[in-house]
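Before any comments, here is the structure.
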Amino acid sequence: VLRARLPEVPIVDLTHEVRAQDVRAGSLALKRAAPYLATGVVVAVVDPGVGTARRPVAVQASVADLVFVGPDNGLMMPALDALGGPALAVELENATYQLPSPGPTFAGRDIFAPAAALLADGGEIESLGPLLDLQTLARLPPLVCRKAGDALEVEVAWVDRFGNVQLAGGPGDLPGDRQARAGGADSLFSVRRQRHPQAEANAAAGAAWSARIVHTFADLAPGELGLLVDSYGGLALSLNGAGAAELLGLREHDVLVLEPAGFGRPSPYD
Amino acid sequence: VLRARLPEVPIVDLTHEVRAQDVRAGSLALKRAAPYLATGVVVAVVDPGVGTARRPVAVQASVADLVFVGPDNGLMMPALDALGGPALAVELENATYQLPSPGPTFAGRDIFAPAAALLADGGEIESLGPLLDLQTLARLPPLVCRKAGDALEVEVAWVDRFGNVQLAGGPGDLPGDRQARAGGADSLFSVRRQRHPQAEANAAAGAAWSARIVHTFADLAPGELGLLVDSYGGLALSLNGAGAAELLGLREHDVLVLEPAGFGRPSPYD
Amino acid sequence: VLRARLPEVPIVDLTHEVRAQDVRAGSLALKRAAPYLATGVVVAVVDPGVGTARRPVAVQASVADLVFVGPDNGLMMPALDALGGPALAVELENATYQLPSPGPTFAGRDIFAPAAALLADGGEIESLGPLLDLQTLARLPPLVCRKAGDALEVEVAWVDRFGNVQLAGGPGDLPGDRQARAGGADSLFSVRRQRHPQAEANAAAGAAWSARIVHTFADLAPGELGLLVDSYGGLALSLNGAGAAELLGLREHDVLVLEPAGFGRPSPYD
């Protein structure tokens with residue numbers, strides 16, 4: 001639909017590998033890409049609520065010449081927030097710019113793609129429908145990242161295809177002194193899994209591991225678990241030469257408890 | 001090969017996710033996309049018969065400025081039929097427009113891509129080889145969709161990645177009165193699986209379910225089975241919040257028997 | 001990153017389906033594509049050594065107007081060799097043409113893509129960093145393909161998605177006379193698996209099969225094993241109508257021993 005209307009405009013497939021209906025995974029993939037997007041229009045569709053009352057919207061970012069087009073279900077907000085937040089939003093209500101459907105509306109094809117084509121062709125966002133109160137845009141529940149005594153409780157945000165476990169926090173969220181966080185010394189953290197508080201509040205704590213703060217995979221011994229800053233600036237758990245997620249049994253939504261556990265390499269009694 | 005010859009022409013990857021050698025699935029994917037294709041050339045290759053005598057062809061559609069290039073094995077015919085049928089076909093016989101191969105011909109690379117590049121660059125379809133009698137173009141066996149007494153026997157055409165079960169018929173094929181078909185009331189259909197007649201003609205009938213005619217997923221209770229018109233205008237079986245195909249054990253080629261089963265929500269004794 | 005810098009330059013996704021960290025598979029995929037690549041820049045990233053000392057490089061091919069950009073880990077060399085070998089190489093050391101990272105360098109995004117954008121935009125390769133001695137470019141260990149008495153020992157290079165088993169040799173490597181190799185007669189080869197010499201040198205030989213030299217899949221009876229020249233000019237083992245790799249239990253890195261086994265179709269006692 002985009003190509004039929006805009007034969008010459010470059011189209012980039014950011015990803016088609018988000019799991020079906022996983023709005024959160026889609027929102028994080030979009031957020032990771034956001035700082036690298038060129039001027040243009042982003043169409044984002046991950047929507048278990050197809051056919052329900054959630055609104056189709058177009059949202060202009062504040063600090064980039066980017067408009068996001070998709071469902072008002074929170075999918076696009078982390079990326080927008082990474083670009084200064086939403087500056088202006090409209091509901092895609094104007095049927096003039098929608099495609100008739102042989103059945104129920106297929107929003108990606110019938111609403112979002114024609115709206116994106118209009119915008120990419122220089123059309124005015126206001127022509128697509130009425131302005132929305134930015135406060136009414138839906139947001140996903142925030143990921144867990146909080147201090148708890150000397151520990152950090154932090155949620156697994158994403159497991160990449162190499163099995164690295166990206167956490168919902170950055171190095172500044174780590175407890176301990178600045179030197180420990182910098183990883184200049186061989187700072188250790190104990191890492192254990194906590195059940196998601198919304199699932200089973202008083203479930204028994206899970207397994208525990210020892211992770212060393214390092215700068216890169218290559219600083220780890222084979223099979224050693226490391227805590228590092230990844231290429232997106234967030235904390236990640238990685239194993240040298242293997243997928244950390246699979247070996248530790250970690251999945252998205254798991255909450256981990258990270259506690260400082262001294263310096264030096266793990267003792268043989270660990 | 002396309003890009004080397006046509007550096008600037010837009011190329012769209014419609015899909016590379018058809019199962020290996022599944023000509024029927026490819027033909028249905030192409031048919032779904034057909035109404036939305038821009039002017040241009042479509043290269044389609046799903047071909048278990050590589051190396052056999054089936055002909056490489058280019059076929060012009062009747063009611064769109066589209067030429068389909070691929071094997072003469074039925075793959076492209078449903079899409080062509082959705083565009084008014086074939087208007088003109090040639091066999092890709094002219095070696096001038098083929099690529100020499102380091103081994104046996106790889107048709108997509110050596111025959112179809114160069115032919116598509118020629119056509120997309122304004123070349124004449126007749127230059128690619130001799131005209132073919134349109135009646136000789138191969139067709140796949142038609143999908144089952146027939147009245148049988150008060151029932152509709154209809155084949156599973158496609159299971160999408162959300163597990164929705166698309167049937168080889170539209171709402172007009174449903175038995176019962178117009179009101180039932182419209183789904184205005186809470187019309188119910190009983191749905192059971194029949195063995196494919198070509199497989200085991202007198203096999204025992206399979207499991208049976210009750211499906212309610214609805215307009216959209218969101219009209220279904222969690223876990224309820226619905227019969228709805230999908231975004232391509234065909235009938236589909238869907239479950240709210242789950243994949244219908246997996247839960248019901250349905251696959252492409254299964255034939256279902258749909259019978260009117262009264263009105264109102266399913267009774268507790270259903 | 002490429003698109004943000006080069007909105008109008010065509011970008012082709014050669015493949016994103018190489019297994020994580022499988023440099024060899026990536027190198028072979030690139031080699032198969034090499035003869036068909038247009039003038040331009042190729043970005044190739046398969047790199048288990050991220051974060052280690054291996055160099056990011058750009059390498060100009062000798063007999064094509066192509067520059068390869070990626071890690072100096074052997075990934076790009078088979079493709080370069082297919083294009084006359086490397087003509088000139090630089091290390092991507094000039095930080096002016098690199099992207100700052102919010103964490104450790106993500107080479108594809110922060111180094112390779114900006115370098116490729118510069119080159120595709122007409123920039124000089126020498127501006128990216130110092131010239132390298134071509135002899136120092138890393139190479140992968142060569143695949144096994146050697147005569148051993150009357151037999152050919154040859155490694156499985158690649159299993160395609162249809163289950164065809166591509167071998168690391170061409171028809172000229174086959175033992176036997178020219179007629180046998182040509183497959184004009186119904187030449188037979190016995191095929192058995194040998195453990196990789198680097199794994200278990202004196203391991204017991206594996207299963208053995210009989211393969212007939214044919215020109216194309218279609219010359220095989222259903223279920224018959226054939227030895228043929230594939231569309232890339234190399235030897236391949238194929239079954240008519242099934243995946244040879246799965247049925248024979250063959251994988252990449254397996255070494256096969258091929259021996260002439262007479263003429264004519266397999267006897268009933270084979």
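The values are calculated or read from the model by the stated rules, or taken from the named source; none is laboratory data. From a predicted model like this one, the values you see are computed outputs, not experimental measurements. Here Cβ is always computed from backbone atoms with ideal geometry, including for glycine, and neighbour counts include all displayed protein chains. SASA here: full protein model, heavy atoms, side chains in, ligands and nucleic acids out. Shrake-Rupley method; radii C 1.70, N 1.55, O 1.52, S 1.80 Å.
Some values worked out for this structure:
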quantity: Count of the range C:5-30 residues which are open to solvent by 50 Å² or more (accessible area, probe 1.4 Å) and within 21 Å of C:ASP81 (Cβ to Cβ); calculated: 2
quantity: Leading residue by the ranking (surrounded by the most Cβ atoms within 10 Å (Cβ to Cβ)) among those in the range B:208-231 that are in a loop (DSSP other than H, G, I, E, B) and either within 11 Å of another protein chain (Cβ to nearest Cβ) or touching a Gly at 6+ places or on another chain (Cβ under 6 Å) (or both); calculated: B:ASP230
quantity: Answer residue from the range B:13-28, given it is at pLDDT below 90 and in contact with a Lys or Arg (Cβ under 9 Å, 6 or more places away or on another chain) and is nearest to C:GLU8 (Cα to Cα) among those; calculated: B:GLU17
quantity: Subset of the range B:137-162 (residues that are of a type outside the set (A, V, I, L, M) and touching a residue at least 60 places away in the same chain (Cβ under 8 Å)); calculated: B:ARG139, B:ASP150, B:GLU153, B:GLU155, B:TRP158, B:PHE162
quantity: Output for the range C:98-119, where each listed residue is out of contact with any helix residue (DSSP H, G or I) (no Cβ under 8 Å at 6 or more places or on another chain), of a type in the set (A, V, I, L, M) and at pLDDT 95 or above; calculated: C:ILE111
quantity: Options A:ALA58, A:ALA33, A:ALA38, A:ALA87: the member that is open to solvent by 10 Å² or more (accessible area, probe 1.4 Å), farther than 23 Å from C:LEU6 by Cα and under 21 Å from the mean Cα position of the chain (by Cα); calculated: A:ALA87
quantity: All positions within the range B:82-104 that are in contact with a Lys or Arg (Cβ under 8 Å, 6 or more places away or on another chain) and farther than 30 Å from C:SER231 by Cα; calculated: B:ALA82
quantity: Qualifying residue in the range A:232-250 (condition: facing chain C (nearest Cβ under 9 Å), touching a Lys or Arg at 6+ places or on another chain (Cβ under 7 Å) and either without any contact (Cβ under 8 Å) to a residue 12 or more places away in the chain or surrounded by 14 or more Cβ atoms within 10 Å (Cβ to Cβ) (or both)); calculated: yes
quantity: Contacts under 6 angstrom Cβ, first residue in the range B:107-134 being at positive phi, partner crowded, with 21+ Cβ neighbours inside 10 Å, 6 or more apart; calculated: B:GLY129/B:VAL90; B:GLY129/B:LEU92
quantity: Count - residues of the range A:232-257 that are modelled with pLDDT of 85 or more and part of a strand (DSSP E or B); calculated: 8
quantity: Spans of helices (runs of 4 or more DSSP H) in the range A:1-99 with at least 3 residues aliphatic (A, V, I, L, M) and more than 14 Å from chain B (Cβ to nearest Cβ); calculated: A:23-33, A:77-82
quantity: Hey, A:ALA95 closer than 18 Å to A:TYR232 by Cβ and hydrophobic (A, V, I, L, M, F, W, C) or not; calculated: no
quantity: Answer residue from the range C:106-164, given it is of a type in the set (Phe, Trp, Tyr) and within 30 Å of C:VAL229 (Cα to Cα) and is surrounded by the fewest Cβ atoms within 10 Å (Cβ to Cβ) among those; calculated: C:PHE162
quantity: Test: residue in the range A:68-82 that is among the acidic types (Asp, Glu), open to solvent by 40 Å² or more (accessible area, probe 1.4 Å) and either out of contact with any Asp or Glu (no Cβ under 8 Å at 6 or more places or on another chain) or within 25 Å of C:PRO10 (Cβ to Cβ) (or both); calculated: yes
quantity: Test: C:LEU2 is open to solvent by 40 Å² or more (accessible area, probe 1.4 Å) and of a type in the set (A, V, I, L, M, F, W, C); calculated: yes
